[in-house]
Amino acid sequence: MAKKGDVVINIEKCKGCEVCLAACPHEVLALSNEVNSKGYHYTVKVNSGCTGCANCAVVCPDAVITVYREK
Amino acid sequence: MAENLIKPENLVYEKTKVLTDRVMHYCPGCGHGTAHRMLAEAIDELGLQGETIGVAPVGCSVLAYYYFDVDMTEAAHGRAPAVATGIKRVFPEKTVFTYQGDGDLAAIGTAETIHACNRGENILIVFINNGIYGMTGGQMAPTTLPGMKSSTSPRGRDVATMGNPLKITELIAQLPGTYFVTRQSVHTPGNARKTKRALKKALEYQKLNKGTCFVEIVANCPSGWKMTPVQSNKWMEENMFPFYPLGDIKVPE
């Protein structure tokens, strides 16, 4: 059983580039319907499949993702 | 599954403190942001934040000094290796890097780049190659691929009239002053992690006074290439990598 993880996304800094969506191996992330104050659709977590692999955070050009993983 | 994992002891990844909290001005999906972070993480992991001096270029990354929380200075267009030479000679105990794009390093600053590398200055040169002049509106650069469209080569780069692309990294690797020359990318998690390892290696070699270390990062330019970020990364894999193959070009024996 894979470890469980979680992500915290700084939605105000997100530019909605979708690079993290392509990097996530478990399709945990998607773009929101809402926009942030700059008008970008930001990344949100849409299911509980996160394993805390941090792939999304490593490729995020704007460093908006913080990753947690159970010990 | 109601357990809350968001606790300090579960933290596995957060933005490094070597990057400031400022929102970067780069376009969505631009490789500059990831390249900045990999360099910042390499500096952080080696504990060099307090003794690093960076030199920002002219180009999209002209404002790099806002994003790195280390001492930074700005150089005239293309002259970052010359400025870094001066800084390193005055402060030989400091870690000195330049961060330059292809228009800065391979066009305007070709002379400074080649001579700094040939003299074997103990600096790290980080070279971001996206094959285009991003900041000024996507004009053709020396690194633009044959047949690649840009705003000044709208029908594609015609080698017969516009000349050949410059593989400056291979050229630099021939010089006796360079110690470690490599080409990486940051578009996938694996590639980004490899880039960080290469940057860490280069910073460690600088501590040993081994000569110039040169790390090229092939990057995307979604706005200049007129693609979405994900499309541009795919285009880069299919078109840029055959011409600019990833991997180490010169490694210490």
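Below are the figures for this structure:
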| read-out | value |
| --- | --- |
| Under-5 Å amide H pairs with B:SER153, H placed in peptide plane, nonlocal only | B:MET140 |
| Among B:126-138, B:171-183, the order from most to least packed when residues are scored by Cβ within 10 Å on average | B:126-138, B:171-183 |
| Cα Rg, Dmax (largest Cα-Cα span) when computed across the range B:1-144, Å | 16.9, 61 |
| Per-selection Rg to Rh, chain B - Cα, Kirkwood hydrodynamic radius | 0.98 |
| Phi to ³J(HN,Hα) by Karplus 6.51 cos²θ - 1.76 cosθ + 1.60 over the range A:56-69, Hz, x for Gly, Pro | 4, 5, 5, 8, 5, x, 10, 6, 9, 9, 10, 10, 10, 9 |
| Under 10 Å, Cβ to Cβ, from B:ILE168 - net charge with Lys/Arg +1 and Asp/Glu -1 | -2 |
| Value in Å of the Kirkwood radius, where chain A supplies the Cα pairs that are averaged | 12.1 Å |
| Shielding by other protein chains, B:50-59, mean Cβ within 10 Å | 0 |
| Under 5 Å, built H, 5+ apart or other chain: amide partners of A:VAL35 | none |
| Protection proxy ranking, peptides B:33-45, B:5-17, B:111-123, B:66-78, average beta carbon neighbours within 10 Å, highest first | B:33-45, B:111-123, B:66-78, B:5-17 |
| Pairwise label distance in nanometres, B:GLU74 with A:ALA2, each label 7 Å out on the Cα-Cβ vector | 4.5 nm |
| Long pairs among B:LYS17/B:LYS226; B:LYS194/B:LYS250; A:LYS3/A:LYS45; B:LYS167/B:LYS226; A:LYS4/B:LYS234; B:LYS226/B:LYS250, criterion Cα-Cα beyond 27 Å | B:LYS17/B:LYS226; A:LYS4/B:LYS234; B:LYS226/B:LYS250 |
| For the protein assembly as shown: span of alpha carbons on each principal axis (Å, largest first) | 60, 50, 36 |
| Where no second cysteine Cβ lies under 4.7 Å, the cysteines concerned in chain A | A:CYS14, A:CYS17, A:CYS24, A:CYS50, A:CYS53, A:CYS60 |
| Under-5 Å amide H pairs with B:GLN100, H placed in peptide plane, nonlocal only | B:VAL126, B:PHE127, B:ILE128 |
| Mean separation of Cα contacts under 8 Å (6+ apart) over length of the range B:25-250, as relative contact order % | 22 percent |
| Neighbouring partner chain Cβ atoms per residue of A:14-26, average, 10 Å criterion | 5 |
| Integer Hz, Karplus 6.51/-1.76/1.60 couplings in order for the range B:156-173, x for Gly and Pro | x, 6, 9, 4, 5, 9, 10, x, 8, x, 9, 8, 5, 5, 5, 5, 4, 5 |
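Rule-based calculations on the coordinates, nothing more; no lab input. For clarity, every value in this text was computed on a predicted model and none was experimentally measured. As a convention, Cβ positions derive from the backbone with ideal geometry for all residues, glycine included, and neighbour counts pool all protein chains shown.
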